[in-house]
There are 2 protein chains.
Amino acid sequence: MIKPSTKFAVIGLGVLGGSYVQALSQKGYYCIGIDVDETALTYAKEKHWIQEGSTDSSLVKEVDIVVSALYPHTFVEWVKTNQKYMKTGVLLTDVTGIKREIIHDINHELRSDVEFIACHPMAGKEFKGIQYADAQRFANANFIIVPTEKNTNGAIQTVHQMAEILGFTKISELSAEDHDRMIGFLSQLTHVIAVSLMNVSDNTHLVDYTGDSFRDLTRIAKINEDMWPELFILNKDNLIREINEFSDELLRFRNLLEKEDTQGMKAKMIQSTERRKKFDRL
Amino acid sequence: MIKPSTKFAVIGLGVLGGSYVQALSQKGYYCIGIDVDETALTYAKEKHWIQEGSTDSSLVKEVDIVVSALYPHTFVEWVKTNQKYMKTGVLLTDVTGIKREIIHDINHELRSDVEFIACHPMAGKEFKGIQYADAQRFANANFIIVPTEKNTNGAIQTVHQMAEILGFTKISELSAEDHDRMIGFLSQLTHVIAVSLMNVSDNTHLVDYTGDSFRDLTRIAKINEDMWPELFILNKDNLIREINEFSDELLRFRNLLEKEDTQGMKAKMIQSTERRKKFDRL
């Protein structure tokens, strides 16, 4: 379990990593920051979010819990190169947006005296960089723990406790398979739709007539192009299936319109209205 | 032009019609309400939004400006049956969400001593009924005047003035062709996408994991199933083309993912991000 003396290292001080050290340091925990970018380290130090910061990962030898806030492939590379610095018994966790492949790859690389427990704090942002870090966002976001049969109960309880310290109130567990299927639909498909809607044609001349509907559907078309293609490829099977199923549904609607089938369109709208009501926030 | 003594009749006291009589009466104008539903009339009378209300359209004989807030086909039927009651020189306007066909049909039916000027207040709501009327919404919404070569300058100026009285601040003019093309993309396509996304499969078990992205994209999947199929069919050419173009773009993205073309996906995301920035509210 996490004690007041527990020390953390966060690898990668971007939006999420920055928010982690912000929340942990504000609760009084000792935090180390590792980043290739000196300016991110300086920013975190000036905010007093980290006690020490370095571009040199050997600093993690001091800590009990290591959080990777890196992009997936960089995370795997980091483990290969730097796991030698971690103390025996360290708990390693992450923030990666897809889970099956990262769990497989990390467990394949990792020393047997270090335990990796996968987590997904669903609190991303369309902007890159620690200057957009804001741990306030955690309060309304989901924190998903993705344990495998390799994980100990102690590790699961520890990241649960960490999520509470970070400020998350909605904390749950999912299998890697269920997690990736859920993300493929709720998050990845929606981003593909928004990006595609924005890219259909240059409709920026319509800005004066644009109301909330179009703005709502395209808000997430502002997207981190360095991260998402990697996440999409790592969940390709799920996302391709979701795009195909959505595309089929779209064309079914088009065919109802083509036939001027008012009753058919009505039935679709009644169903979408009923289902969407269940997603209203209470 | 509209004078303090100008009398209005609003036909159809739903969300929009209700908001019209609310705004007009609050500015001191004499308003009559016509509706088939007695409870809507009672509601408007109790709120002092109308001076007189009736299920009998002959009441419009008293007024100078008649606003139809009916669904498209009902509007045409109303004109056929009830135009005999309108005074010579009356200005007839509407709130219909598509314009080419309604302008053609109304002008085809209408007496030559009454002028019809088409308008589209883009301030709809997913709920039906006068209890959802709220003229406050007009302040941030677009009011589009859709004049034809048949319209007089006086009529255009009068509805412009009416839009200001109603509280609209963004008032513009478009041709019926441009209006319907714009609506096909910004409004109708987005509703088809939201409805289809909600209908792909029953994903209501995912509600606990749902963040803002999915909620934003499906908010308008709660939709008035009595009105929209009619509007879609009346703009079928534009909407079918928009669905096809969007579907093609979606499949182009899917093919990039299929090939694991990171650079291709990045380019799409950079373009969508740049374009979307232009739609940010200032």
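List the number of the failed condition for B:L256; all other conditions in (1) of a type outside the set (D, E, K, R); (2) more than 7 Å from chain A (Cβ to nearest Cβ); (3) within 25 Å of A:M182 (Cβ to Cβ); (4) in contact with a Phe, Trp or Tyr (Cβ under 6 Å, 6 or more places away or on another chain) hold.
Only one criterion is unmet by B:L256, namely (4).
Restricting to the range B:83-95, what's the tally of residues that are without any contact (Cβ under 8 Å) to a residue 40 or more places away in the chain and either surrounded by fewer than 17 Cβ atoms within 10 Å (Cβ to Cβ) or under 19 Å from the mean Cα position of the chain (by Cα) (or both)? Please lay out each step first, then the result.
Taking the range B:83-95 first, the residues without any contact (Cβ under 8 Å) to a residue 40 or more places away in the chain are B:83-90, B:92, B:94.
After this cut, where a residue has to be either surrounded by fewer than 17 Cβ atoms within 10 Å (Cβ to Cβ) or under 19 Å from the mean Cα position of the chain (by Cα) (or both) as well, the list is B:84, B:87-89, B:92, B:94.
Of the residues in that region, 6 qualify.
May I ask you to verify whether A:S201 is among the polar types (S, T, N, Q), within 30 Å of A:N140 (Cα to Cα) and either buried (at least 16 other Cβ atoms within 10 Å of the Cβ) or not assigned by TED's automatic domain parsing to the domain that holds A:Y132 (or both)?
Criteria not met by A:S201.
Report yes if some residue within the range B:212-222 is without any contact (Cβ under 8 Å) to a residue 60 or more places away in the chain, buried (at least 21 other Cβ atoms within 10 Å of the Cβ) and assigned to a loop (DSSP other than H, G, I, E, B); otherwise report no.
No - not one qualifying residue is present in the range B:212-222.
Would you check which residues across the range A:1-14 are assigned to a loop (DSSP other than H, G, I, E, B) and aliphatic (A, V, I, L, M) and list them?
Across the range A:1-14, the qualifying residues are A:M1, A:I2, A:L13.
Given the structure, is A:I183 touching a residue at least 12 places away in the same chain (Cβ under 8 Å), more than 7 Å from every other protein chain (Cβ to nearest Cβ) and β-branched (V, I, T)?
Yes.
Among the residues of the range A:138-164, which ones are in contact (Cβ under 8 Å) with a residue 40 or more places away in the chain and surrounded by 18 or more Cβ atoms within 10 Å (Cβ to Cβ)?
Scanning the range A:138-164 gives A:F138, A:V146, A:A155, A:T158, A:V159, A:M162, A:A163.
Report, by residue number, each residue of the range B:228-251 that is surrounded by fewer than 18 Cβ atoms within 10 Å (Cβ to Cβ) and more than 8 Å from every other protein chain (Cβ to nearest Cβ).
Of everything in the range B:228-251, those that are surrounded by fewer than 18 Cβ atoms within 10 Å (Cβ to Cβ) and more than 8 Å from every other protein chain (Cβ to nearest Cβ) turn out to be B:D237, B:R241, B:D248.
Report yes if B:E225 is facing chain A (nearest Cβ under 7 Å), over 19 Å from A:F246 (Cβ atoms) and acidic (D, E), otherwise no.
Yes.
Of the residues A:G33, A:G53, A:G17, which single one is assigned to a helix (DSSP H, G or I), modelled with pLDDT of 95 or more, more than 19 Å from A:A155 (Cα to Cα) and touching a strand residue (DSSP E or B) at 6+ places or on another chain (Cβ under 8 Å)?
On inspection, the qualifying residue turns out to be A:G17.
Name every residue in the range A:263-282 that is at the interface with chain B (Cβ under 7 Å from one of its Cβ atoms) and either under 30 Å from B:E260 (Cβ atoms) or assigned to a helix (DSSP H, G or I) (or both), in order of residue number.
Answer for the range A:263-282, where residues must be at the interface with chain B (Cβ under 7 Å from one of its Cβ atoms) and either under 30 Å from B:E260 (Cβ atoms) or assigned to a helix (DSSP H, G or I) (or both): A:M265, A:K266, A:K268, A:M269, A:I270, A:Q271, A:S272, A:T273, A:R275, A:R276, A:K277.
Check whether at least one residue in the range A:118-136 is assigned by TED's automatic domain parsing to the domain that holds A:T169 and over 30 Å from A:T218 (Cβ atoms), and report yes or no.
Yes; the residues of the range A:118-136 include at least one that is assigned by TED's automatic domain parsing to the domain that holds A:T169 and over 30 Å from A:T218 (Cβ atoms).
Looking at the range B:1-31, which of its residues are farther than 19 Å from B:A139 by Cα, without any contact (Cβ under 8 Å) to a residue 40 or more places away in the chain and surrounded by fewer than 23 Cβ atoms within 10 Å (Cβ to Cβ)?
The answer is B:K3, B:P4, B:S5, B:Y30.
Keeping to the range A:96-117, report how many residues are more than 18 Å from A:I233 (Cβ to Cβ) and touching a residue at least 12 places away in the same chain (Cβ under 8 Å).
So the answer is 9.
Tell me which of these B:E260 doesn't satisfy, since it passes every other one: (1) in contact with an Asp or Glu (Cβ under 6 Å, 6 or more places away or on another chain); (2) assigned to a loop (DSSP other than H, G, I, E, B).
So B:E260 meets the others, but not (1).
Just one of (1) within 15 Å of B:R276 (Cβ to Cβ); (2) acidic (D, E); (3) in contact (Cβ under 8 Å) with a residue 40 or more places away in the chain trips up A:E225, so point out which.
Among (1) within 15 Å of B:R276 (Cβ to Cβ); (2) acidic (D, E); (3) in contact (Cβ under 8 Å) with a residue 40 or more places away in the chain, the lone unmet condition for A:E225 is (3).
Considering only residues that are more than 18 Å from A:H191 (Cα to Cα) and in a helix (DSSP H, G or I), which ones fall in the range B:234-257?
Looking only at the range B:234-257, we keep the residues that are more than 18 Å from A:H191 (Cα to Cα), and these are B:234-242, B:244.
B:L234, B:K236, B:D237, B:N238, B:L239, B:I240, B:R241, B:E242, B:N244, listed by residue number.
When the range B:195-211 is examined, which residues are found to be part of a helix (DSSP H, G or I) and facing chain A (nearest Cβ under 7 Å)?
B:V195, B:S196, B:L197, B:M198, B:N199, B:T204, B:L206, B:V207, B:D208, B:Y209
Can you confirm whether B:I165 is within 21 Å of the chain's Cα centre (by Cα) and within 8 Å of another protein chain (Cβ to nearest Cβ)?
In short, no.
The values are calculated or read from the model by the stated rules, or taken from the named source; none is laboratory data. Everything quoted here is computed from the prediction, not taken from an experiment. Here the Cβ is made from the backbone with ideal geometry for all residues, glycine too, and neighbour counts use every protein chain on show.
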